[in-house]
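All remarks here apply to the structure that follows.
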Amino acid sequence: MSTHRKLFGTDGVRGVANQEPITSETALKLGRALAHVFRNSTGRHRRILIGKDTRLSGYMLETAIESGICSMGVDVWLVGPLPTPAIAFLTRSMRADAGVVISASHNPFQDNGIKFFSREGFKLDDQTERRIEALVFDETEVGKHRARAGDIGKAARIDDALGRYLVFLKSCLPRSVAFDGMKVAIDCANGAAYKVGPDALEELGAEVVAIAAEPNGTNINLNCGATHLDAIRQTVAREHANVGIALDGDGDRVMLIDERGEVFDGDDMMALLGRKLAAQGRLSHNAVVATVMSNFGLELALRDAGVRLIRTEVGDPAVAREMRLNSYNLGGEQSGHVIFMDYSTTGDGMISALMVLAQMAESGRTLSELRAMRRVPQVLENVRVRHRVPIAEMPDVQRIIADAERRLAGAGRLLVRYSGTEMLARVMVEGADGVQIKTLAQEIGAAIQKYAGPQ
């Protein structure tokens, strides 16, 4: 492999299983590098925890990472298939030096990924990832610190990991909250939460109808889960359920379906729970953190309750970074990745679902009645470009954008950005008047094309 190749993306190392970098050879090197980086983190014997989702390739990668870690004189705790947020929690609560998650989230089973958590349960910072990456490509330093025969690490399977996480999930709710008389459908995406999701709901008193809860190694996210909502919508209708819960493959995201079959997404959750926490005086700095992709309706719903919306670039790492930096306790993405920093260091689909269900139970209202935001119409204009000319260097575009913002007059929003993966400029406009926002998007798009479009 080229030493210039970048292993880590925005969420760990990702790729097709058994092709670089998701091979047993690279997984072993990653395990060794991780163990070496954390070798001086404490004075005691070190331990690293490994969890995974239900992909077939998880067995191969788990064994390879385990071998690499043990070769450096570090012990391994194996917890098997559990949601990503469960690994973050267990890494913290069991005082491990680091945590490893083997998962490609909502991707198909052919893909897999490897990501790491610090002992505090947060994803590693860029500097630490770069150091691990350098050690993978140049093993000289790691090679000097291999354990002697008598110091090689041991591996142990933690049999009660699921039970520990179940107790934690229930502890996030007041003891007075129960879901008696509530019928809940849950789509486990044939993924990491296939057991813990239904178990948590049943222990809290709900009547549970579980689907996609029989993983076989190749059916994770297959026409199910948070990115394929038809199955859970049909189940809610067929079973006359009060609510549907759709998790993704690694359980860090959730989408809900109300009793009418309507989607209740991350923006809806942040609107409902942000307003609730603010009313209780429990919303840190009276603000919610979301990305630039969250609907303007969220901003309006929070503004009505005196709550600020702080926007970040796209991606849950950006949201988590802003939350940690300024001590905010609620943030997330429209896609259902919601972070409750009072309880968890990362998005947790089950915590998000339980928080919303608790609101239903306490208020006696249906999910559709609890909807706290009205989605503002949105148009997206994709403009093919030849060069990514900076917006600041296109005066006509800047003038039209400024005029559009005046015309929206605080009742709408626009976002102009270049795609990170395609030669496209994306112009997104939101506002109450559908004709107006479409016209504004087209005007801005046409101006960009004059400067940067194909000749």
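The values are calculated or read from the model by the stated rules, or taken from the named source; none is laboratory data. Only a predicted model underlies this, so the values are computations on that prediction, with no experimental measurement involved. Reconstructed Cβ throughout: ideal geometry from the backbone, glycine too, with neighbour counts over all protein chains shown. Accessible surface is based on the protein model in full, side chains and every heavy atom, while ligands, DNA and RNA are left aside. Shrake-Rupley method; radii C 1.70, N 1.55, O 1.52, S 1.80 Å.
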Of (1) under 24 Å from Asn216 (Cβ atoms); (2) open to solvent by less than 30 Å² (accessible area, probe 1.4 Å); (3) acidic (Asp, Glu), Asp75 satisfies all except one. Which? (1)
For the list (1) of a type in the set (Ser, Thr, Tyr); (2) touching a residue at least 12 places away in the same chain (Cβ under 8 Å); (3) open to solvent by 80 Å² or more (accessible area, probe 1.4 Å), I need the number of the one condition that Tyr165 fails. (3)
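Within segment 308-321, restricting attention to residues that are charged (D, E, K, R) and in a strand (DSSP E or B), which residue is farthest from Thr291 (Cα to Cα)?
Among them, the one singled out is Arg308.
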All but one of (1) modelled with pLDDT of 95 or more; (2) within 22 Å of the chain's Cα centre (by Cα) hold for Met293, so report the exception by its number. (1)
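Mind telling me which of the residues Ile132, Ile158, Ile114, Ile102 ends up being open to solvent by 20 Å² or more (accessible area, probe 1.4 Å), hydrophobic (A, V, I, L, M, F, W, C) and either within 27 Å of Glu66 (Cβ to Cβ) or under 18 Å from the mean Cα position of the chain (by Cα) (or both)? It would help to see each step written out before you state the result.
Working: Ile132 fails: open to solvent by 20 Å² or more (accessible area, probe 1.4 Å); Ile114 fails: open to solvent by 20 Å² or more (accessible area, probe 1.4 Å); Ile102 fails: open to solvent by 20 Å² or more (accessible area, probe 1.4 Å).
None of the other options fit; the residue is Ile158.
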Can you tell me how many residues in segment 383-424 are free of Cβ contacts under 8 Å to residues at least 60 places away in the same chain, within 19 Å of Arg303 (Cβ to Cβ), surrounded by 13 or more Cβ atoms within 10 Å (Cβ to Cβ) and under 31 Å from the mean Cα position of the chain (by Cα)? 2
Of those in segment 425-445 that are free of Cβ contacts under 8 Å to residues at least 60 places away in the same chain and assigned to a helix (DSSP H, G or I), the residue least open to solvent (accessible area, probe 1.4 Å) is Leu440
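Would you mind stating whether Gln449 is at pLDDT below 90 and part of a loop (DSSP other than H, G, I, E, B)? Show your work before the answer.
Values: at pLDDT below 90: yes; part of a loop (DSSP other than H, G, I, E, B): no.
The answer is no for Gln449.
Sort through Ser176, Ser171 and tell me the only one that's surrounded by fewer than 24 Cβ atoms within 10 Å (Cβ to Cβ) and either under 27 Å from Ala290 (Cβ atoms) or of a type in the set (Phe, Trp, Tyr) (or both).
Details: Ser176 fails: either under 27 Å from Ala290 (Cβ atoms) or of a type in the set (Phe, Trp, Tyr) (or both).
Only one candidate qualifies: Ser171.
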Can you find, within segment 314-338, the residue that is most open to solvent (accessible area, probe 1.4 Å) among those that are free of Cβ contacts under 8 Å to residues at least 40 places away in the same chain, touching a strand residue (DSSP E or B) at 6+ places or on another chain (Cβ under 8 Å) and of a type in the set (A, V, I, L, M, F, W, C)? Val314
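Within segment 263-281, can one find any residue that is farther than 19 Å from Met341 by Cβ, open to solvent by 60 Å² or more (accessible area, probe 1.4 Å) and over 15 Å from the mean Cα position of the chain (by Cα)? Break it down into steps so the answer makes sense when it comes.
First, the residues of segment 263-281 that are farther than 19 Å from Met341 by Cβ: 263-265, 268.
Now restrict to residues that are open to solvent by 60 Å² or more (accessible area, probe 1.4 Å): none.
No, segment 263-281 contains no residue that is farther than 19 Å from Met341 by Cβ, open to solvent by 60 Å² or more (accessible area, probe 1.4 Å) and over 15 Å from the mean Cα position of the chain (by Cα).
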Could you please find all residues in segment 343-365 being out of contact with any Pro (no Cβ under 9 Å at 6 or more places or on another chain) and of a type in the set (A, V, I, L, M)? Ala353, Leu354, Met355, Val356, Leu357, Met360, Ala361
When segment 282-310 is examined, which residues are found to be under 12 Å from Gln334 (Cβ atoms), in contact with a Ser or Thr (Cβ under 8 Å, 6 or more places away or on another chain) and crowded, with 20+ Cβ neighbours inside 10 Å? Ala290, Thr291
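Of all residues in segment 51-61, count the ones that are out of contact with any Gly (no Cβ under 6 Å at 6 or more places or on another chain) and open to solvent by 10 Å² or more (accessible area, probe 1.4 Å).
Our first condition is that a residue be out of contact with any Gly (no Cβ under 6 Å at 6 or more places or on another chain); within segment 51-61, this holds for 51, 55, 57-61.
Next, only the ones that are open to solvent by 10 Å² or more (accessible area, probe 1.4 Å) stay: 57, 59-60.
Within segment 51-61, residues that are out of contact with any Gly (no Cβ under 6 Å at 6 or more places or on another chain) and open to solvent by 10 Å² or more (accessible area, probe 1.4 Å) number 3.
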Among the residues of segment 319-338, write down those that are farther than 19 Å from Asp265 by Cα and out of contact with any Asp or Glu (no Cβ under 8 Å at 6 or more places or on another chain). Arg321, Glu322, Met323, Arg324, Leu325, Asn326, Ser327
Going by the structure shown, is Ser67 touching a helix residue (DSSP H, G or I) at 6+ places or on another chain (Cβ under 6 Å) and surrounded by fewer than 24 Cβ atoms within 10 Å (Cβ to Cβ)? yes
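Results for (1) crowded, with 24+ Cβ neighbours inside 10 Å; (2) within 16 Å of Leu82 (Cβ to Cβ); (3) at pLDDT below 95, shown as yes or no for each residue.
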| residue | (1), (2), (3) |
| --- | --- |
| Lys183 | no, no, no |
| Ala189 | yes, yes, no |
| Lys195 | no, yes, no |
| Pro198 | no, yes, no |
| Glu202 | no, no, no |
| Ile211 | no, no, no |
| Glu214 | no, no, no |
| Thr218 | no, no, no |
By my count, strands (runs of 3 or more DSSP E) wholly in segment 322-407 with at least 1 residues that are farther than 20 Å from Thr312 by Cα and not polar (S, T, N, Q) are 378-384
Met355 versus (1) of a type in the set (A, V, I, L, M); (2) surrounded by fewer than 19 Cβ atoms within 10 Å (Cβ to Cβ); (3) more than 30 Å from Glu422 (Cβ to Cβ): which is the lone unmet condition? (2)
Exactly one of (1) over 24 Å from the mean Cα position of the chain (by Cα); (2) over 30 Å from Ala246 (Cβ atoms); (3) small (Gly, Ala, Ser) is unmet by Ser363. Its number? (2)
